[in-house]
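Just below is one structure, and these are the notes that go with it.
Read-outs throughout are calculated quantities, based only on the coordinates presented, and are distinct from any laboratory measurement. These numbers were taken from a predicted model, which means no experiment stands behind them. Here Cβ is always computed from backbone atoms with ideal geometry, including for glycine, and neighbour counts include all displayed protein chains.
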Amino acid sequence: MYKLMGRKGTGSAAVEALLALVGAEYKVEDVERDAQGAIPAIYRRINPRGEVPSLILGDDSVMTESAAIMIYLADLHPKAGMAPAIASPERARYLRWMTYLATTLYMSDLRYFYPERYSVDESAAPGIKAKAVADMESEFAVLSEGLGKGPWFVENRMTALDIYAAMLLSWAPDQKALFAKHPNLGALSQAVAANPAVAKVWARHGM
């Protein structure tokens, strides 16, 4: 059994959705901040950075980094069809865009929602947030072009990549404007949310 340690509205949502889709046996443990906003010390022994999600594997080892967790789970449960096979021509595209999401849009989201983390100068927060919005605009444009007609990125079916993308799309500062500008991204988001297993997880996370 897997144990997913996360928090509502965070990157654990996509991992939880994938666990449900591959039919894995798992349980979820929410890692809540204390009254001062601090992460519990007991969780930092699992993930020293205090970030969520963390996935406890069957042998009690720990995986962190949401994109890595999703790539691993999709490969470990191939019958669910959540990733192109390693020898598939689509594999390179799948890994390219999964990594793109983790290293661009996810990072911009963090700067947007937590600008105070990126400077020792509190007055810098508004500028950091504004730059994150500008960066996301160009990053979403690149993603839209890469997606093409869609709604799926690879093999004309939903994969872990689409789930990860849909989660990040849900965090867009102005989702309505984003989807008006890039309808294919809106179509991807709707297609992922239409899956009953995903819809249940999205609802739990208030997405």
>> Placing +1 on the Cβ of each Lys and Arg and -1 on the Cβ of each Asp and Glu in region 91-195, which of SER108, SER138, ALA160 has its Cα farthest towards the positive end of the resulting dipole?
In response: ALA160
> Which of ALA165, ALA68, ALA130 moves the most in a Gaussian network model of the chain with Cα springs under 10 Å?
Replying inline: ALA130
>> In region 43-82, whose amide N lies under 13 Å from the spot 7 Å out along Cα-to-Cβ of THR99? List them in ranges.
In response: 68
>> If each residue of separation counts as 0.36 nm, what is the full-extension length gain between ARG204 and GLU90 once their alpha-carbon separation is subtracted?
In response: 37.9 nm
> If you take every DSSP beta bridge whose two residues both sit in the chain, what share of them, in percent to the nearest 5, is antiparallel?
Replying inline: 60
>> Which residue, ALA67, GLY23, PRO48, has the largest displacement toward the positive end of the dipole of the chain when charges sit on each Cβ (Lys, Arg +1; Asp, Glu -1)?
In response: GLY23
>> Give me the extension gain from ALA180 to GLU122: residue separation times 0.36 nm, minus the current Cα-Cα distance, reported in nm with one decimal.
In response: 17.5 nm
>> Give me the one-decimal nm value for the distance between modelled label points at LYS149 and ALA38, 7 Å along each residue's Cα-to-Cβ direction.
In response: 5.6
> Taking amide hydrogens as modeled 1.01 Å from N in the peptide plane, which residues meet the under 5 Å criterion relative to TYR26, leaving out close sequence neighbours?
Replying inline: TYR2
> Under 15 Å from a point 7 Å along the Cα-to-Cβ line of LEU110: which residues of region 45-82 have their amide N that close?
Replying inline: 47-54, 64-69
> Ordered by residue, what ³J(HN,Hα) values in Hz, to whole numbers, does region 30-39 give under the Karplus form 6.51 cos²θ - 1.76 cosθ + 1.60, where θ = phi - 60° and Gly and Pro are x?
Replying inline: 6, 9, 8, 6, 7, 4, 8, x, 8, 7
> Does anything in region 1-39 have its amide N under 16 Å from the 7 Å Cα→Cβ label point of ASP60, and if so which residues?
Replying inline: 1-3
>> Let me spell out the model: positive unit charges on the Cβ of Lys and Arg, negative unit charges on the Cβ of Asp and Glu, origin at the Cα centre of region 2-80. What dipole size does that give, in debye rounded to 20?
In response: 140
>> Assuming 0.36 nm per residue, please report the length gained on full extension of the stretch ALA187 to ALA20 beyond their Cα-Cα distance.
In response: 57.9 nm
> Where does each of 191-203, 110-122 land if you order them by average Cβ count within 10 Å, highest first?
Replying inline: 191-203, 110-122
> Where both residues lie in region 1-82, what percent of DSSP beta bridges are antiparallel, nearest 5?
Replying inline: 55
> How long are the three semi-axes of the equivalent ellipsoid of the chain, in whole Å, if each is the root of 5 times an eigenvalue of the C-alpha gyration tensor, listed from largest down?
Replying inline: 25, 24, 15
>> If you average the C-alpha positions of region 105-140 and of region 1-34 separately, how far apart do those two centres end up, in angstrom?
In response: 26
>> Could you give each residue of region 119-124 its phi-based ³J(HN,Hα) in whole Hz, using Karplus coefficients 6.51, -1.76, 1.60 with θ = phi - 60°, and x for Gly or Pro?
In response: 7, 7, 9, 4, 5, 7
> Nearest 20 debye, what's the magnitude of the dipole of the chain about its Cα centre given +1 on Lys and Arg Cβ and -1 on Asp and Glu Cβ?
Replying inline: 300
>> Restricting to lysines 8 or more places apart or on different chains, can you count the pairs in the chain with Cα atoms under 27 Å from each other?
In response: 20
> What order do you get for 150-163, 87-100, 3-16 when each peptide is scored by the mean count of other beta carbon atoms within 10 Å, highest first?
Replying inline: 3-16, 150-163, 87-100
> Ranked by Cβ crowding within 10 angstrom, fewest neighbours first, how are MET82, MET107 ordered?
Replying inline: MET107, MET82
